[in-house]
Amino acid sequence: MNNKNKDMTWLKLDNAALIYPATLNRKIATMFRFTVTLIDEVDMDVLQIALDNIMKRFPTFNYALKEGFFWFYLDLIKDSPKIGQDYQNPLVRINWKDNKNYMFRVRVHHNRIAVEYFHALTDGTGGLTFILSLVGEYLKLKYNVNYKYNNLVLNPNDEVLDEEIEDSFLRYAKKSGKMDKEKKAYHIKGIEENANIINIVTGKVSISKLKKICAKYNASITEFLTSLILESLEEISKKDINCNKPIKVSVPVNLRKIFISSTMRNFSSYVNVGIKVTKDNYSFEEIILEVKRQIKEMTTKKKMTEKISANVNLAKNLLIRIIPLFIKKRIMSLVENRVGDGYVTTTLSNIGLVKLPKEMEQYITDINFILGKSKGKSGSISAVGYQDTLYITFSRKIKEAELERLFFTKLVKMGLEVEIESNR
């Protein structure tokens, strides 16, 4: 690390992470999961060595969540994380004590490696980099694979830079900012599952064939998927005679693509993209035009700076800072329920195409990305591309699978072959 004199025994949470501990309860934690499937059965002993080797390259992953009088903070863990067997019901809240207080866990099932993260630790980019660096080190140890490191597969022996552990929100926040005013969104109703059950449905489609369809609408894959989700949600909302709220999809934005940052902590924001519910249905072309317009307007550097600044300045507000944590937790949880999940119908997080060193690709058959439960929304959607396959995953806490049924049916009608997998 560049700054050798820096006290690393404890850290402040990054600005985006502040909300997640406050919304924890016995049933739900804001979690996400990456999986990498290999061609052979995973050797857990070798994987444990690989995990030990990379931990020094990801110093911010070596911290436990602790409660102070005014804020949560991160305390350095001196023990080592251990690998365990995967289970049928993923993304269950981490038991800190059983997990040596780590905010992530590594699990194995036959030839599949999974890492699950509590969102206060990192975002999708950080989580993807961690698991791919772990898999890269495992392949090097197990098969003596030689490859060139890149921005997603890090060299465990490289020096950690200060920029990788910084809170990038603080670097780019200005003295003033503002949040967009929003209306409450429509929520899908359904029968809620037991707390330890999450329903997962993944559809696999060809990226090259999907791009041809997207090209017809002059849309990116994220714009196209968002539009198809909105069209599907519109059909569901029409069955609810009391529906008078807009339908909105929250689309996370990787701020590293807008600002210069190499942090391994959270550095992402979001835009809420939606349509109003009317008596007449929107055409798909109309929805795509609206989605493209909204995403373009809301993801400019100026708009993102305003949003970052508003959040950072709120956390720095003296009145907020002096409120004891036990009161602050209740306020933040209420705000997240009413403002966070309350403003969106669902989430679509597209991590993008994963580009690995060619020497690694022959050992990896697929990569998946799954979002966990949230308090207000019935479910979320995630996507990740590997080679020519896009993995689109619906995760939900209700029994009804109407949204994914409509969505994948529409894809098939557009001429795409869809291979479906489910944990049920």
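Things to note:
- Residue check for residue 327: touching a strand residue (DSSP E or B) at 6+ places or on another chain (Cβ under 8 Å) and of a type outside the set (Gly, Ala, Ser): no
Here is a yes/no grid of residues against (1) under 27 Å from residue 16 (Cα atoms); (2) in contact with a strand residue (DSSP E or B) (Cβ under 6 Å, 6 or more places away or on another chain):
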site: 123; (1), (2): yes, yes
site: 130; (1), (2): yes, no
site: 134; (1), (2): yes, no
site: 138; (1), (2): no, no
site: 146; (1), (2): no, no
site: 152; (1), (2): yes, no
site: 159; (1), (2): yes, no
site: 163; (1), (2): yes, no
site: 170; (1), (2): yes, no
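Okay, residues lined up against (1) touching a Cys at 6+ places or on another chain (Cβ under 7 Å); (2) among the charged types (D, E, K, R); (3) within 25 Å of residue 21 (Cβ to Cβ):
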| position | (1), (2), (3) |
| --- | --- |
| 41 | no, yes, no |
| 46 | no, no, no |
| 53 | no, no, no |
| 58 | no, no, yes |
| 63 | no, no, yes |
| 68 | no, no, yes |
| 73 | no, no, yes |
| 77 | no, no, yes |
| 82 | no, yes, yes |
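- Taken over the range 133-154, the criterion of being aliphatic (A, V, I, L, M) and within 17 Å of residue 265 (Cβ to Cβ) is satisfied by 152, 154.
- Whichever residue in the range 388-418 is of a type in the set (Asp, Glu) and within 17 Å of residue 211 (Cα to Cα) and, among such residues, is surrounded by the most Cβ atoms within 10 Å (Cβ to Cβ): 388
- Just one residue in the set 331, 322, 327, 370 is aliphatic (A, V, I, L, M) and buried (at least 17 other Cβ atoms within 10 Å of the Cβ); that residue is 370.
- Matching residues, the range 8-20, being in a helix (DSSP H, G or I) and touching an Asp or Glu at 6+ places or on another chain (Cβ under 8 Å): 15, 16, 19
- Comparison of 87, 63, 102 shows that the only residue that is free of Cβ contacts under 8 Å to residues at least 60 places away in the same chain, among the hydroxyl-bearing types (Ser, Thr, Tyr) and under 30 Å from residue 389 (Cα atoms) is 87.
- Close Cβ contacts (under 6 Å, 6 or more residues apart or on different chains) running from residues in the range 176-198 that are more than 15 Å from residue 380 (Cβ to Cβ) to residues that are of a type in the set (Phe, Trp, Tyr) and surrounded by 15 or more Cβ atoms within 10 Å (Cβ to Cβ) comprise 182/343.
- Unique residue being on the phi < 0 side of the Ramachandran plot, touching a Leu at 6+ places or on another chain (Cβ under 6 Å) and of a type in the set (S, T, N, Q) when the list is 129, 60, 125: 129
- Pairs meeting the criteria (first residue in the range 353-371 and farther than 25 Å from residue 89 by Cα, second residue assigned to a strand (DSSP E or B), beta carbons under 6 Å, at least 6 apart or on different chains) are 353/385; 354/367; 354/386; 363/38.
- In the range 275-292, the residues that are of a type outside the set (S, T, N, Q) and farther than 22 Å from residue 184 by Cβ: 280, 284, 285, 286, 288, 289, 292
- Close Cβ contacts (under 7 Å, 6 or more residues apart or on different chains) running from residues in the range 159-173 that are closer than 13 Å to residue 11 by Cβ to residues that are among the small types (Gly, Ala, Ser) and at pLDDT 95 or above comprise 164/262.
- Scanning the range 204-235 for residues that are touching an Asp or Glu at 6+ places or on another chain (Cβ under 9 Å) and within 15 Å of residue 284 (Cα to Cα) yields a total of 6.
- All strands (runs of 3 or more DSSP E) inside the range 321-424 with 3 or more residues being under 16 Å from the mean Cα position of the chain (by Cα): 346-354, 364-371, 379-386, 389-396
- In the range 192-208 there is at least one residue matching the filter, namely being polar (S, T, N, Q), over 30 Å from residue 53 (Cα atoms), out of contact with any Phe, Trp or Tyr (no Cβ under 7 Å at 6 or more places or on another chain) and part of a helix (DSSP H, G or I).
Rundown of residues vs (1) in contact with a helix residue (DSSP H, G or I) (Cβ under 6 Å, 6 or more places away or on another chain); (2) touching a residue at least 40 places away in the same chain (Cβ under 8 Å); (3) at negative phi; (4) part of a helix (DSSP H, G or I), yes/no style:
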| residue | (1), (2), (3), (4) |
| --- | --- |
| 253 | no, yes, yes, no |
| 260 | no, no, yes, no |
| 264 | yes, yes, yes, no |
| 273 | yes, yes, yes, no |
| 277 | yes, yes, yes, no |
| 281 | no, yes, yes, no |
| 286 | no, no, yes, yes |
| 293 | no, no, yes, yes |
| 296 | no, no, yes, yes |
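- Strands (runs of 3 or more DSSP E) contained in the range 31-119 and holding at least 3 residues within 25 Å of residue 370 (Cβ to Cβ): 31-38, 63-67, 104-109, 112-118
- Test result for residue 113, assigned by TED's automatic domain parsing to the domain that holds residue 238 and under 21 Å from the mean Cα position of the chain (by Cα): no
The values are calculated or read from the model by the stated rules, or taken from the named source; none is laboratory data. Just so it is clear, the model here is predicted, and its values are computed rather than measured. Don't worry about glycine lacking a Cβ; one is built from the backbone with ideal geometry, like all the others, and counts go over all protein chains shown.
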